Amino acid sequence: MPLFESLYKALTDRINQGNYRKLKSSDGFLDFFSNDYLGLSQKNIFLNSPQSKGSSRLIAGTTNNHLIAEKEFAKHFRADCSLFFNSGYSANIGFFSSIPTRDSIVLFDEYIHASVKDGMRLSLGKSVRFRHNDIQDLERLLKKFSDKNLLIVIESLYSMHGDIAPLREIIDLARKYDAFLFIDEAHAGGVFGEFGEGLTSNELLQGINYVKLITFGKAFGSHGAVILSNQLIKDFLVNFARSFIYTTALPDYIVQQSLANVKSDNLKELQVKLQKNIQTFRSLVKNKEYLKSSEISPIQIIQLESLEKLKQVEEQLIKEKIGVKAIYAPTVPKGEERLRISIHANHKKEDLMRLGVGGF
């Protein structure tokens, strides 16, 4: 049975390399590994709303709540239109599998999320990576493919590195080379911006064609995602994005919860608390050389001196029921394994101090 043999070999290789994945309960852990940056996931108020109709949006799954929410998301984030997807993953799959044409060149940061890469594999366009946050490398490629339809794809805040893209410089290049820009704000949405719009304001994006992705399963504490765009792109996605067309619509209570969390009255207060906790955490790290992420990122990366040390620290934290996740290759490059620590607005100082048992 060659198929089973190949599957077994792939899993055995993972075990031997020390990066075998398996499912474990997170119950009872002090949460430093979820993306609930603002603590809004504890605010569930629409559980008695209608459940799913068991249908796709284009058949019977679209309700008035879906349509109202999409209008409100567009208004709140100051976009022409929004389209609700079941997750950020399905939104990226839908966009990149349908929008790029045969004449398109998609220039993507090498550390872009797996969902974008998976979408590009289904695309008619050609995808070319540029070095992470490297403006010179990006411009080299923009010049090389200047006769094509150009699409630049970045995350504003990178989920496994905790660093921020050079946004102003990339936007300037998009303007200079008339390139379309796709900004994935999954980990910055809610955490930054007056309206929770992330790190790219409307003012910053003036003069270019762009699409933004905002997800609700992280800082906004709910589920789903919206692509913020114009009417043409929305209509195209409704007609050609398979991950939108061929999936059951999210139930009303999730749509309503996402909208309510986006419009939280205490968003600014939570953003301030989160930043204070990030600074407190960084001040408690004894060896500052271990810190590899932005000083304002809710994703704090600790990169230790060896893989062995990383495994020891992870085991110690698990023993103490502290929820911190070690990230291994191939999720990050081999030799760059790290601890990924998610700081939340509702962490107390004593919670942050408990991380000290890890010895960093």
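Every number here is computed from the coordinates shown, using simple stated rules; none is lab data. These numbers were taken from a predicted model, which means no experiment stands behind them. Cβ placement follows ideal geometry from the backbone for every residue including glycine, while neighbour counts extend to all protein chains displayed.
For the chain, the 222 nm mean residue ellipticity estimated from helices alone, with every DSSP H stretch of n ≥ 4 adding -39500 (n - 2.57) and the total spread over all residues, rounds to -11000 deg cm²/dmol. Computing Rg and the Kirkwood Rh from the Cα coordinates of segment 236-360 gives a ratio, Rg/Rh, of 1.10. Pairs of alpha carbons in segment 1-125 separated by more than 20 Å make up 71% of all such pairs. Suppose R0 equals 45 Å; then what is the FRET efficiency for TYR20 and ASN346 from their Cβ-Cβ distance, rounded to the nearest 0.05? With a Förster radius of 45 Å, E is 0.90.
Taking label points 7 Å from Cα along the Cα-to-Cβ direction, ARG102 and ALA114 give a separation of 3.2 nm. The lysines whose alpha-carbon is closer than 24 Å to the alpha-carbon of LYS286, local same-chain residues fewer than 8 away aside, are LYS273, LYS276, LYS309, LYS311, LYS319, LYS321, LYS325, LYS348, LYS349. Here the gap between LYS263 and LYS75, fully extended at 0.36 nm per residue and compared with their Cα-Cα distance, gives a gain of 66.6 nm.
Cα centroid separation, segment 312-336 to segment 1-19: 22 Å. Between Rg and the Kirkwood Rh of segment 57-262, both from Cα atoms, what is the Rg to Rh ratio? Rg divided by Rh gives 0.95. Stretching the chain fully between ASN239 and LEU7 yields a gain of 79.9 nm (0.36 nm per residue, less the alpha carbon separation). Taking the Cα centre of segment 57-262 as reference, the dipole from Cβ charges on Lys and Arg (+1) and Asp and Glu (-1) amounts to some 540 debye.
Computed from the Cβ-Cβ distance with R0 of 51 Å, the FRET efficiency linking LEU67 to LYS292 stands at 0.70. D by Stokes-Einstein for the chain, Kirkwood Rh over Cα pairs, 10 °C, 1.306 mPa s: 74 µm²/s.
Here the Karplus relation 6.51 cos²θ - 1.76 cosθ + 1.60, evaluated at θ = phi - 60°, turns the backbone of segment 249-259 into coupling constants of 5, 5, x, 4, 5, 6, 4, 5, 5, 4, 5 Hz, with x for every Gly and Pro.
Summary of packing: across the peptides 238-250, 24-36, 153-165, 125-137, the per-residue average of other C-beta atoms within 10 Å ranks them, highest first, as 153-165, 238-250, 125-137, 24-36.
In this label model, SER201 and LEU124 are separated by 3.9 nm, measuring between points 7 Å along each Cα→Cβ vector. Evaluating 6.51 cos²θ - 1.76 cosθ + 1.60 at θ = phi - 60° for every residue in segment 298-311, the Karplus couplings come out as x, 9, 9, 9, 10, 10, 8, 6, 7, 5, 4, 4, 4, 5 Hz, glycine and proline recorded as x. Each principal axis of the Cα cloud of segment 140-199 was evaluated for its coordinate range; sorted largest first, these ranges are 37, 24, 16 Å.
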